[in-house]
1. So for region B:55-64 (the condition being closer than 17 Å to A:ARG68 by Cα, in a loop (DSSP other than H, G, I, E, B) and not basic (Lys, Arg)), does at least one residue qualify?
2. Only one of C:ILE12, C:ILE19 is in contact (Cβ under 8 Å) with a residue 24 or more places away in the chain, more than 19 Å from D:ASP51 (Cβ to Cβ) and not in a strand (DSSP E or B); which?
3. Taking F:LYS28 as meeting all but one of (1) more than 9 Å from every other protein chain (Cβ to nearest Cβ); (2) closer than 21 Å to E:LEU49 by Cα, write down the number of the exception.
4. Could you list all residues from region A:50-72 that are of a type outside the set (Phe, Trp, Tyr), surrounded by 14 or more Cβ atoms within 10 Å (Cβ to Cβ) and at the interface with chain E (Cβ under 8 Å from one of its Cβ atoms)?
5. With the structure loaded, tell me whether F:LEU18 is more than 8 Å from chain E (Cβ to nearest Cβ), surrounded by fewer than 22 Cβ atoms within 10 Å (Cβ to Cβ) and under 10 Å from the mean Cα position of the chain (by Cα) or whether it fails that test.
6. Taking the conditions exactly as written (among the small types (Gly, Ala, Ser), in a loop (DSSP other than H, G, I, E, B) and at pLDDT below 95), does B:SER31 satisfy them or not?
6 protein chains.
Amino acid sequence: MKNEFDTALPSIRQVQTLIKEATAVELKLMSGELLTGKIDWQDQNCLCLLDENKQPTIVWRHAIAYLRLQSH
Amino acid sequence: MKNEFDTALPSIRQVQTLIKEATAVELKLMSGELLTGKIDWQDQNCLCLLDENKQPTIVWRHAIAYLRLQSH
Amino acid sequence: MKNEFDTALPSIRQVQTLIKEATAVELKLMSGELLTGKIDWQDQNCLCLLDENKQPTIVWRHAIAYLRLQSH
Amino acid sequence: MKNEFDTALPSIRQVQTLIKEATAVELKLMSGELLTGKIDWQDQNCLCLLDENKQPTIVWRHAIAYLRLQSH
Amino acid sequence: MKNEFDTALPSIRQVQTLIKEATAVELKLMSGELLTGKIDWQDQNCLCLLDENKQPTIVWRHAIAYLRLQSH
Amino acid sequence: MKNEFDTALPSIRQVQTLIKEATAVELKLMSGELLTGKIDWQDQNCLCLLDENKQPTIVWRHAIAYLRLQSH
């Protein structure tokens with residue numbers, strides 16, 4: 001299905017909540033690589049992740065396999 | 001073909017049934033990784049899987065290779 | 001090219017024939033994994049494969065590399 | 001760019017010529033796998049390759065990396 | 001979601017800033033390969049990276065996993 | 001973003017220049033494979049590369065990671 005950036009969609013809303021609450025997350029990429037941090041913003045193309053030093057990583061959506069809360 | 005999120009399509013309807021019946025499933029990803037759990041919701045972009053501790057994993061559709069019932 | 005689910009297209013029609021005739025097929029995935037079975041249905045997003053125990057596997061089209069008749 | 005199935009495009013026309021002249025080709029897939037044969041037909045979604053025993057393999061376009069004439 | 005080249009989007013604007021400020025970046029590709037350099041331009045399809053000898057590499061967006069500032 | 005075959009775009013124009021000037025290039029694919037040659041033509045779907053024996057390889061755009069001038 002054509003991907004949609006519609007703020008009413010659960011997938012967009014839940015990321016928006018993770019941004020607002022500054023929740024630590026894990027992003028698993030299609031390549032198997034795991035990124036961790038807090039989501040700073042999202043748009044149609046990308047999510048931006050901040051690491052513990054507040055350094056941003058701009059991750060393309062097409063590269064993301066899944067997202068979950070950071071395990072402790 | 002342009003992917004469609006049309007609730008009349010078998011691929012959308014059958015996932016909807018799996019959600020309603022809280023069926024345990026296996027999601028095999030394009031990367032070869034296997035995720036298991038119950039599907040909590042689906043939208044155009046993602047499926048959300050709940051593990052046995054009810055922790056959610058938001059899985060992007062483009063990352064999914066196939067879905068089947070959990071083998072016993 | 002934008003993929004199309006047009007029943008006049010050879011790629012859609014030939015899968016439809018495989019469904020009707022319950023032909024055993026091999027589906028090779030982009031990941032290299034090989035699935036075998038009979039195709040139960042197709043829609044814009046997915047093909048559904050039934051294994052020898054009639055268990056369904058819903059395979060996303062974007063994950064399929066190629067399809068051929070099962071070798072004996 | 002949105003892929004197009006426009007018979008005026010070189011990529012579509014040249015495959016059409018390969019079909020008409022029954023030229024033996026190599027298809028290299030994104031996964032690294034190499035398929036060989038003669039192209040039987042093409043449509044928006046797929047190319048169909050016939051092996052030396054005239055057995056068809058339906059290859060999805062998204063899985064193809066490149067196509068060249070079979071090396072001797 | 002359909003990717004968009006809209007200069008109001010954070011993902012487009014932030015790359016535009018990296019271009020203007022000639023910031024050294026790392027581009028991690030879907031294949032795991034890492035490219036480094038300064039971004040020279042972006043358009044709908046590609047980003048162009050200049051290495052230390054000012055040699056350009058045209059990188060397709062679909063191949064990019066993530067972008068971050070070059071680590072020291 | 002929806003890829004565009006617009007001859008005003010830098011990514012299309014620069015490939016057009018490489019064709020006109022018969023510049024030797026390297027094409028790195030998503031699979032990690034490296035192809036070398038001169039670009040013969042481009043269209044919405046593909047680039048065609050000629051090797052030193054003028055043999056053509058039709059490369060699908062979705063398979064390309066990056067393009068650079070051939071290193072000496």
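The values are calculated or read from the model by the stated rules, or taken from the named source; none is laboratory data. What you see is a predicted model, and the numbers here were worked out from it, not measured in a lab. Positions of Cβ are generated from backbone atoms using ideal geometry, with glycine treated the same way; all protein chains shown enter the neighbour counts.
1. yes
2. C:ILE12
3. Against the list (1) more than 9 Å from every other protein chain (Cβ to nearest Cβ); (2) closer than 21 Å to E:LEU49 by Cα, F:LYS28 comes up short only on (1).
4. Answer for region A:50-72, where residues must be of a type outside the set (Phe, Trp, Tyr), surrounded by 14 or more Cβ atoms within 10 Å (Cβ to Cβ) and at the interface with chain E (Cβ under 8 Å from one of its Cβ atoms): A:PRO56, A:THR57, A:ILE58, A:VAL59, A:ARG61, A:HIS62, A:ALA63.
5. yes
6. No; evaluated as a whole, the condition is false for this residue.
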